[in-house]
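Computed from the coordinates by the stated procedures, all read-outs in this text should not be read as laboratory data. Worth saying up front: this structure is predicted, and the values here are computed from it rather than measured. Cβ placement follows ideal geometry from the backbone for every residue including glycine, while neighbour counts extend to all protein chains displayed.
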Amino acid sequence: MKEMRRTLAVLAGLLLLATAGCLTGEQEPVGTQKEERVAEAKEGGVVYVYSARHYGHMEPVFEEFMKETGIEVRFTFGKDAEIRERLKAEGRFTPADVYIAVDAGNLWLAAQEGLLQPVESEVLERNIPANFRDPENRWFGLTMRVRTIVYNTERVSPEELSTYEDLADPRWKDRLCLRPSTKVYTQSLVASLIAAHGEEKAEEIVRGWVENNPRFIDSDTRIIETVAAGGCDVGVVMHYYLARLLDRNPDLPVRIFWANQEDRGVHVNIVGAGVTKYAKNRDEAVRLIEWLSSEKGQRLFADGNFEYPINPEVEPHPLVKGWGEFRIDPINVAEYGRLQAKAIQLMERVGYR
Amino acid sequence: MLRGAAGILPLFIFLLVALPVLKVLAEVAVPSLETWRSLGPLLPLMLRNTLLLLLGVGAGSFLLGVSLAWLTTAYRFPGSRYFEVLLILPLAVPTYVLGYVYMATFDYAGPFSTAARQLLGITLPEIRSGYGAVAVMSLVLYPYVYVMARAGFRQVSSSSIDVSRVMGYTGLETLIKVALPLSRPAVAAGMALVMMEALTDFATVRFFNFPTLSEGIIRVWYGRMNLEAAMELAGLLLLFALAVVSLEHRLRGRAQYFQTGGGMEKRPLRGVRGAAAAVFCASVLLLAFVLPVLQLTLWALEETAAPSASPEMYLQLLSRSLSLAAAAALVCVLIAIVLAGVLQLGTGRVVRRLARLSTMGYAVPGAVVGVGTLGVLSSFDHRLNSLLEGTLGFAPGLIATGTVVGLIYAYTVKFMTIAYSAVDSSLSRITPSIIGAARSLGARPLEVVRDIQAPMAVPGIAAGAVLVFVDVMKELPITLILRPFGYDTLAVWVWQMAAESLWGGAALPALTIVLAGIIPVAYIIRRGV
């Protein structure tokens, strides 16, 4: 009897937990609740963001924006593909006003799928170079992420390095660390090769990489650590992962090399934002993106993660500024989206993991 | 009246539970060649890897599980009484947690490989490979075989063993020629569970660069939001699962071995052999449980110095995991009670069959359940919205796929089996004669319920609820496919952090999941291993 009562108590507890969870669990994307909140925060307004950029880097930026403008930022994080699917499913009922993505390919796809609306803004046109925004003004780059070569300083001298293409040379056999094809960064890099050389030549290059028997590691941080440990001599990563590690440990025997400086320039990707097609707070949304492209916004948004500001007027963080100037592949980043499907298929054809 | 309802209810439950699986089956029945072509050379690779993983993990778990079970049932050696019990513990660790710990510690940049290079001058084999995946998964999954094999061995009568020893068979020969054949049904059941877990896992194989069908489903759904391709892959994966189930059926056959007399007597292992047995057991336990949990604890402690997520974040993940698990446990148990209750009233054969079939979800890999549910629910959501918008002029939004409703539905499909067998076994102990006896002693119907039926049924119901609860907390593929947007749980968090090499950030949530997993293990231990 006693045991039964105890078990019943457990069950009752479970029931309570369950109902509590179901009631509180789903608080973000429900339309009616949002209406109330808008009414509450009437003086400054509100803007709702779906962000694929990571936890931790965003909150301080949004707080500062609110301090300056009185506009409150609410946000939900998700993976890019997830966010787009969500926007599609919600259609005109979406609570989201702004979509922040971590790869140009994702922004291109969102625009293509009709999820974003064009924004005419002199501020944005002034602050953001043309190749880092949508030709039809549906999305705008906010920071730059450079995907380039890193090398172990004890095993490689920078003179041996030159281009992404060169990593297909047999002398790099068993010396490469690469990110698997499931990562959009890899897809965009390969897309840039297709844009530069055409599909056939790009396939030859990627096949060369694969024939060099690279170690596939699904984490840029781990790639750098493996290069440091001598597991491979050379890796291809986003620059800010190296900046983070060097910031913590300046003695790490890994340095950055700007690829393709003698020809088209190094592969640059962006974090960017667009206003959703059905944004209810359009003005606030535009205001947020404009602020993010301003000096103050750029400082906070880029420095928190050692990214390069998109606004040429704004100096990069001292640590990455110390890496010097470099030539950037002038292609419009929208191309990475257009060629993404081709890039994935190409990698599958040549057995890139 | 009651009979009518009794017939319809199981039918309804069956339809509800079977719908996602039927949806996927329909997909295999009409394969889309174009979708397959779009997967390109990845498809044969995934098929090959899935098969290799099944064989590898099957063999690994068989060797570990059977040898450990035989040592601890047939022999006495230093520590054997403790090993007997402790060797079940790895069951508390989800495959993806052990996978991430091993990836972090044994890959090239990891501390073990670094130490091996610096101190011994040797390079450990690459852990990011099929071998790594097989080794790690065998280490967590062997307890299924271990528990079942022990149950089998203990029923082998001492006389069979004595005969074998009189025949001059060595211990190993006795195992292979007598004990193992006699416990075949039990071992086969354990192996089937291992293989289903291997089919379900997508995270470990992704960590180890060994894409299988489950990984492929997540890859095309989560990465490309291509539901069609995910469905096709789910269909193929379902075929693998069916093969495992029918193989188990075959192996088990109609065999039921009845043995008389008590179990075998334990013989002492002395000297070197005893020490070797103890060392073997200890190293499996260390590798599969003790060291990984220690490592997680260390990471979690380091993490407190510079946390990558706020305590509120952790609490939010925890409360989501707990409430999802509680809700699913509740739903599963309620349905199981209805199903078991109705069936005990006595119904026709067809209804009985259907009821049995509704509890087959456990054999269906998680990603299949997830994708199938999504397929069913998204068309439901869209139809409901257009219907309401057309008639009432408002659209309620995505009720099933946009909230936890779809998620809990899918959990129910997958885990109802567990609740059902627990509930059914406790209800079936309450025979009509017990109730008749109570009534004839003067108890009124309500008193019978209060004093006889409820006390006898509740422990089983509670056990079922706890088992479902823990399984849901560990669950990854279904959660990833169906969770509402932005709705991270502990399991999802572990996976995402580990994928980003943020070992510390994943540690505390992973430990929490392991801790929850110890509850059912303790339950098995209490009931006697």
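Loop only per DSSP, at most 10 neighbouring Cβ atoms within 10 Å: give me the GluC sites (Glu not before Pro) in region A:249-306, ordered by residue number.
Sites meeting the loop and neighbour criteria: A:Glu262.
May I ask you to list the lysines whose Cα is less than 26 Å away from that of B:Lys266, ignoring any residue fewer than eight positions away on the same chain?
B:Lys266 reaches B:Lys177.
Per the Kirkwood definition applied to all pairs of different Cα atoms, how many angstroms is the hydrodynamic radius of chain A?
Kirkwood hydrodynamic radius for chain A: 21.9 Å.
I need the Kirkwood Rh of region B:151-297: take the reciprocal of the average 1/r across all distinct C-alpha pairs and report it in angstrom.
After inverting the pairwise mean of 1/r, the radius is 19.2 Å.
Average partner chain C-beta neighbours within 10 Å, per residue of B:99-112?
3
Would you mind classifying region B:293-414 by shape? Square roots of the alpha carbon gyration tensor eigenvalues, ordered a ≥ b ≥ c; an a/c under 1.5 is rounded, otherwise it is prolate if a/b is larger than b/c and oblate if not.
Oblate.
Applying the Karplus parametrisation 6.51 cos²θ - 1.76 cosθ + 1.60 with θ = phi - 60° to the phi angles of region B:477-493, what ³J(HN,Hα) value in whole Hz is obtained for each residue in order, glycine and proline being reported as x?
x, 4, 4, 5, 6, 10, 4, x, 3, x, 9, 7, 10, 4, 5, 4, 4
In debye, nearest 20, what is the charge dipole magnitude of the protein assembly as shown about its Cα centre with +1 on Lys and Arg Cβ and -1 on Asp and Glu Cβ, if you could check?
4860
Can you tell me, using C-alpha contacts under 8 Å and at least 6 residues apart, the relative contact order of region A:219-353 as a whole percent?
Once normalised by length, the contact order is 22 percent.
With an 8 Å Cα cut-off and a minimum separation of 6 or more residues, compute the relative contact order for region A:57-152 in percent.
Relative contact order for region A:57-152 comes out at 17 percent.
I need the per residue convex hull volume for the protein assembly as shown, using only the alpha carbons, in cubic angstrom as a whole number.
Hull volume over Cα atoms, normalised by residue count, gives 195 Å³.
I want the antiparallel fraction of DSSP beta bridges within chain A, as a percent rounded to 5.
Around 65 percent antiparallel, to the nearest 5.
What is the P(r) of region A:278-353, as percent of Cα-Cα pairs per 10 Å bin from 0?
15, 27, 30, 23, 4
Which longest run of chain B has no exposed loop site in it, a site being chymotrypsin sites (Phe, Trp or Tyr not before Pro) in a DSSP loop with at most 12 other beta carbons within 10 Å, and the site itself not part of the run?
That gives B:1-257 as the longest site-free run.
Given 5 Å bins starting at zero, what is the percent of C-alpha pairs of region B:111-159 in each, up to the one with the largest pair distance?
Distribution as computed: 5, 17, 13, 13, 13, 10, 9, 8, 7, 5, 2, 0 percent.
Could you quote the convex hull projected area for region B:209-251, Cα atoms only and averaged over all directions, in nm²?
If you wrap the Cα atoms of region B:209-251 in a convex hull and average its projections, you get 3.3 nm².
In Å, what Kirkwood hydrodynamic radius results for region A:42-115 from the alpha-carbon pair distances?
With all distinct Cα pairs of region A:42-115 included, I get 13.0 Å.
Averaging over all projection directions, find the projected area of the Cα convex hull of region B:3-61 and quote it in nm² with one decimal place.
With the hull built on Cα positions only, its mean projection is 6.9 nm².
How long is chain B along each principal axis, judged by its Cα atoms, biggest number first, in Å?
82, 70, 49
Determine the shielding of peptide B:208-217 by partner chains: average, over its residues, the number of Cβ atoms on other chains within 10 angstrom of each Cβ.
Across B:208-217, the average partner-chain Cβ count within 10 Å equals 1.
Percent relative contact order of chain B, based on C-alpha pairs within less than 8 angstrom and at least six residues apart?
Reported relative contact order: 23 percent.
What are the semi-axes of the equivalent ellipsoid of region B:382-453, taken as the square roots of 5 times the eigenvalues of the Cα gyration tensor, listed largest first and rounded to whole Å?
Semi-axes from the Cα gyration tensor: 46, 18, 8 Å.
Given labels modelled 7 Å from the Cα in the Cβ direction, how far is it in nm from B:Val350 to B:Leu298?
A separation of 6.3 nm, rounded to one decimal place.
Excluding B:Ser379 itself, what net charge comes from residues whose Cβ is under 14 Å from its Cβ, given Lys and Arg +1 and Asp and Glu -1?
-1
Where both partners of a DSSP beta bridge lie in the protein assembly as shown, what percent of those bridges are antiparallel, to the nearest 5?
Here the antiparallel bridges make up roughly 60 percent for the protein assembly as shown.
Between A:His54 and B:Ile399, with labels modelled 7 Å along Cα→Cβ, what's the label distance in nm to one decimal, could you check?
4.0
Provide the three semi-axes, in whole Å and in decreasing order, of the ellipsoid equivalent to region B:456-529 as defined by the square roots of 5 times the Cα gyration tensor eigenvalues.
Listed largest to smallest, the semi-axes of region B:456-529 are 28, 16, 7 Å.
Cα atoms only: what Rg and Dmax, in Å, come out for region B:60-143?
15.4, 42
Given 20 °C and 1.002 mPa s, how large is the Stokes-Einstein diffusion coefficient of region A:112-188 in µm²/s, with Rh as the Kirkwood radius over Cα pairs?
Estimated diffusion coefficient is 132 µm²/s.
Relative to 2.2 N^0.38 Å, what does the C-alpha radius of gyration of region A:208-353 come to as a ratio? Two decimals please.
That ratio works out to 1.24.
What FRET efficiency do you get for B:Leu51 and B:Leu286 if R0 is 30 Å and r is their Cβ-Cβ distance, rounded to the nearest 0.05?
0.45
Which lysines have a Cα lying under 29 Å from the Cα of A:Lys67, excluding residues fewer than 8 positions away in the same chain?
A:Lys34, A:Lys42, A:Lys79, A:Lys277, A:Lys280, A:Lys296, A:Lys321
Dividing the convex hull volume of the Cα atoms of region A:81-215 by its residue count, what figure in Å³ per residue is obtained?
Given the Cα convex hull of region A:81-215, per-residue volume reads 148 Å³.
What ranking, highest mean first, results for peptides A:254-260, A:316-322 when packing means the other Cβ atoms within 10 Å averaged over each residue?
Ranked by mean Cβ neighbours within 10 Å, highest first: A:254-260, A:316-322.
For a label point 7 Å from the Cα of A:Arg248 along Cα→C-beta, name the residues of region B:294-325 whose backbone N is under 11 Å from it.
Hits in region B:294-325 for A:Arg248 at 11 Å: B:303, B:306-308.
Given region B:14-154 reduced to its alpha-carbon atoms as identical point scatterers, what log10 I(q)/I(0) does the Debye formula return at q = 0.12, 0.14, 0.18 Å⁻¹?
-0.76, -0.92, -1.10
Starting from the Cα-Cα distance between B:Ser428 and B:Glu447, subtract it from 0.36 nm times their residue separation and give me the gain in nm to one decimal.
Difference between extended and current length: 4.9 nm.
Taking every residue in A:211-223, how many Cβ atoms of other protein chains lie within 10 Å of its Cβ, on average?
Other-chain Cβ atoms within 10 Å of each residue's Cβ, averaged: 4.
Computed over the Cα atoms of region B:329-484, what is the ratio Rg over Rh, Rh following Kirkwood?
1.10
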